[in-house]
Amino acid sequence: MHQPNFPRRQSGFTLIEIAIVLVIIGLLLGGILKGQELITQGRIRNVGNDFQSMTAAINLYQDRYRALPGDDPGAAARWTAAGSATTSGNGDGTIGAGTAGTPAYNSTTDSDESRLFWQHLRLAGLVGGATTSGAVGTANPPNAASGVTGVQNGAFGLNGIVVCSNNLPAKIAQAIDTQFDDGIATTGTVRATTGTTATTTVPTANYIDDGSNFYVVCKAP
């Protein structure tokens, strides 16, 4: 018996189904990009808050004790019952390096005034963290970009005490510069360069956001 020939049903997606999938993919990609932007904006706010809070902490400490944290010559006598030895600064009005040589915001030498700075502020209750002596009590706090925040005397042509933050992607670094200054790495009260060393040399190159540049940004309080 002859069987009628029925048209075969084509397998695969219809145009409507493909369009729905593309819309879903677009929404997912948009959500991911928006999430990344929110994370970046959050990091910018956190780093900016670090600079502002450090300026406030320095001013409060000086108003209270008539000395610069880290350089305070009366710190050891003031906090004799702090639970561990407290080291005083030399009282010369700058953030020096003790016996370690050139001062650096990211020093790893506990006796440097740029490290004692954090212990003195913690003992004064102006920043959080352990107040013990040594590597714990003098440790630099981390920033929102997996770097550190610190202070030193002069950087990038800026005189006096400066607050520095490192490991900042170009987008975050320039946003911080724009928030507090002119958005240019080589001029103003906020300056920056690639790497982690805050030298006395004025930077010569502006921010380059190519995904591979990470900056140390220094700001005069």
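The values are calculated or read from the model by the stated rules, or taken from the named source; none is laboratory data. Treat the numbers as computed from the prediction; the structure is a model and nothing was measured. Every residue, glycine among them, receives a Cβ derived from its backbone with ideal geometry; neighbour counts consider all protein chains shown.
General observations
- A residue that is buried (at least 16 other Cβ atoms within 10 Å of the Cβ), of a type in the set (D, E, K, R) and under 16 Å from C218 (Cα atoms) occurs nowhere in segment 67-81.
- Residue under evaluation D92, criteria (1) under 23 Å from G125 (Cβ atoms); (2) among the acidic types (D, E); (3) not in a helix (DSSP H, G or I), criterion not met: (1)
- Positions within segment 146-174 being touching a Lys or Arg at 6+ places or on another chain (Cβ under 6 Å) and over 26 Å from T94 (Cα atoms), in sequence order: I172
- Candidate set from segment 185-217 (those that are outside any loop (DSSP other than H, G, I, E, B) and not polar (S, T, N, Q)); member that is farthest from Q152 (Cα to Cα): F214
- In segment 196-210, the residues that are without any contact (Cβ under 8 Å) to a residue 24 or more places away in the chain and either on the phi > 0 side of the Ramachandran plot or among the aromatic types (F, W, Y) (or both): none
- Looking across segment 106-150, the residues that are among the β-branched types (V, I, T), part of a loop (DSSP other than H, G, I, E, B) and either under 22 Å from N167 (Cβ atoms) or touching a Ser or Thr at 6+ places or on another chain (Cβ under 7 Å) (or both) come down to T108, T109, V127, T132, V136, T138.
- Against the test of being among the small types (G, A, S), crowded, with 22+ Cβ neighbours inside 10 Å and modelled with pLDDT of 95 or more, the options G137, G150 yield a single qualifying residue, G150.
- In segment 155-170, the qualifying residues are those that are of a type in the set (G, A, S) and within 17 Å of G188 (Cα to Cα), and the one that is surrounded by the fewest Cβ atoms within 10 Å (Cβ to Cβ) is G160.
- Qualifying residues in segment 196-208 (those that are at pLDDT 95 or above and surrounded by fewer than 16 Cβ atoms within 10 Å (Cβ to Cβ)) - the one nearest to T55 (Cα to Cα): V202
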